[in-house]
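To start, the structure itself, in structure tokens.
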Amino acid sequence: MSDPRSDAASRPAATPTSPPPGRYDGKDATSGLSGKVIAVLLAALVVALLAAGAFTLYRFSATPSISGQVIGVEVIDEHRTDVVVDVTRDEPDKPVYCILRAQDQTKGEVGRREVYVPPSEDGTVRFDATIATTARAVIGDVYGCGEDVPAHLRR
């Protein structure tokens, strides 16, 4: 059973061929960019991305601090809640705005109001505000404050 078949096609023995010119001598004839140039470009891209990230973090941390705190809340009825708010800011000479809201027992928002806070000489300003509500509120709070005063609040 180990006799070779006579009708089987015979294969010629493989002969080693020499590689095409320029394949293994350190030169790549098909690419105009060397590995070093690609590495430098990738390194420059990584440095640019890191610089952009650092700049973004700086911008967020360099933003002046503005905070609001509710000092008092008086629920007048199911359509009105009065709040007393203190706004503290690093740059009191610039106007800011705060978003106030009233919430019910389930912490659902039943009223919201934007309030303009004009420039002042003091770092902390206290003011009274009325929030119109759609149902009886149990609490009022400051949702947030910012320095980019919307056009409809500018005076």
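Within the set Arg101, Arg113, Arg89, the sole residue that is surrounded by 15 or more Cβ atoms within 10 Å (Cβ to Cβ), farther than 12 Å from Tyr143 by Cβ and free of Cβ contacts under 8 Å to residues at least 60 places away in the same chain turns out to be Arg89. Just one residue in the set Ala14, Ala9, Ala48 is at pLDDT 90 or above and not in a strand (DSSP E or B); that residue is Ala48.
When you check Gly144 against the structure, is it surrounded by 16 or more Cβ atoms within 10 Å (Cβ to Cβ) and either small (Gly, Ala, Ser) or in contact with an Asp or Glu (Cβ under 8 Å, 6 or more places away or on another chain) (or both), yes or no? Criteria not met by Gly144.
The values are calculated or read from the model by the stated rules, or taken from the named source; none is laboratory data. Please read all numbers here as calculations on a predicted model, not as lab measurements. Here the Cβ is made from the backbone with ideal geometry for all residues, glycine too, and neighbour counts use every protein chain on show.
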